[in-house]
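Each remark here refers to the structure printed beneath this line.
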Amino acid sequence: MRRLIRAKSSMARAAPQPVAAPISATNVASLIDDVRAKTERHVWRHMTPHAAPPPAPVVTARGSTLHRLDGSEALDSMAGLWCVNVGYGREELAATAYDAMNQLSFLSPALGSVPQVELAAKISDLLDYDRPAHAFFTASGSEANEAAFKVARMYHAANIANDPSGPLRHKIIARHRAYHGNTAGGRGAAGPGGGGRGF
């Protein structure tokens with residue numbers, strides 16, 4: 001059934017749009033200036049010194065290379081903040097994502113879906129524990145760490161019969177100056193030397 005749905009969705013996929021004709025160097029420079037001005041006026045850039053002017057915006061990427069509007073290139077050695085470690089421009093992944101979005105674009109994790117359940121079962125099989133593993137899905141690493149902090153606290157609070165000091169267990173042990181995300185809990189776990197001062 002899943003193959004049939006995917007096949008129908010693939011047939012219904014819109015034809016690729018023609019690539020726009022290249023614009024002149026003058027227009028490119030004007031566009032870069034306009035985007036930079038809007039960036040400085042409206043965008044709070046992550047983990048970036050705001051005194052420095054923003055670079056030319058990235059317009060496309062292939063493999064591990066980012067292509068900027070001014071024609072320059074940059075190596076994305078962080079793999080899109082560790083989220084694109086399979087490389088940019090993978091048409092088969094874009095097609096799979098397109099099919100999935102057409103079938104079910106969003107669903108609260110509390111409701112559950114076939115892909116969610118199948119992925120959780122596959123993760124459990126790969127982990128090969130002596131008992132079934134449960135997966136808790138989040139949208140980012142920061143959220144994953146926040147969830148782990150809360151689950152640990154919930155466990156100790158619920159285990160008060162065996163450990164009366166459980167509700168007092170609230171400290172997180174983390175590596176010095178390590179990165180644990182951009183949420184308050186994640187930054188706090190990093191400590192002052194890891195950018196967690198104030199959290």
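For this structure, a couple of remarks:
- Qualifying residue in segment 117-127 (condition: among the hydroxyl-bearing types (S, T, Y) and at pLDDT below 90): no
- Cβ-Cβ under 6 Å pairs, at least 6 apart or on other chains, segment 48-70 side under 20 Å from V86 (Cβ atoms) and without any contact (Cβ under 8 Å) to a residue 40 or more places away in the chain, far side in a loop (DSSP other than H, G, I, E, B) and among the charged types (D, E, K, R): S64/D76; L66/D76
- Among the residues making up segment 54-66, those that are out of contact with any Lys or Arg (no Cβ under 6 Å at 6 or more places or on another chain), open to solvent by 50 Å² or more (accessible area, probe 1.4 Å) and at pLDDT 90 or above are V59, T60, R62, S64.
- For A51, the criteria (1) over 24 Å from T183 (Cα atoms); (2) open to solvent by 60 Å² or more (accessible area, probe 1.4 Å); (3) over 21 Å from the mean Cα position of the chain (by Cα) hold in every case but one, which is (1).
- Residues within segment 53-81 that are within 25 Å of D34 (Cβ to Cβ) and among the aliphatic types (A, V, I, L, M), tallied: 7
- For the residues N85, N162, the requirement of being open to solvent by 100 Å² or more (accessible area, probe 1.4 Å), free of Cβ contacts under 8 Å to residues at least 24 places away in the same chain and within 30 Å of T65 (Cα to Cα) singles out N85.
- Scanning segment 108-127 for residues that are open to solvent by 60 Å² or more (accessible area, probe 1.4 Å), more than 26 Å from H180 (Cα to Cα) and outside any helix (DSSP H, G or I) gives a single hit, L111.
- Residue satisfying all of: in segment 67-80; surrounded by 14 or more Cβ atoms within 10 Å (Cβ to Cβ) and of a type outside the set (A, V, I, L, M, F, W, C); modelled with the lowest pLDDT among these: G80
- Lone qualifier among R187, R131, R153 - being surrounded by 14 or more Cβ atoms within 10 Å (Cβ to Cβ) and more than 26 Å from V84 (Cβ to Cβ): R153
The values are calculated or read from the model by the stated rules, or taken from the named source; none is laboratory data. Worth saying up front: this structure is predicted, and the values here are computed from it rather than measured. Quick reminder, even Gly has a Cβ in these numbers, built from the backbone with ideal geometry, and neighbours come from all protein chains shown. Keep in mind that these areas ignore ligands, DNA and RNA; they rest on the heavy atoms of the full protein, side chains included. Shrake-Rupley method; radii C 1.70, N 1.55, O 1.52, S 1.80 Å.
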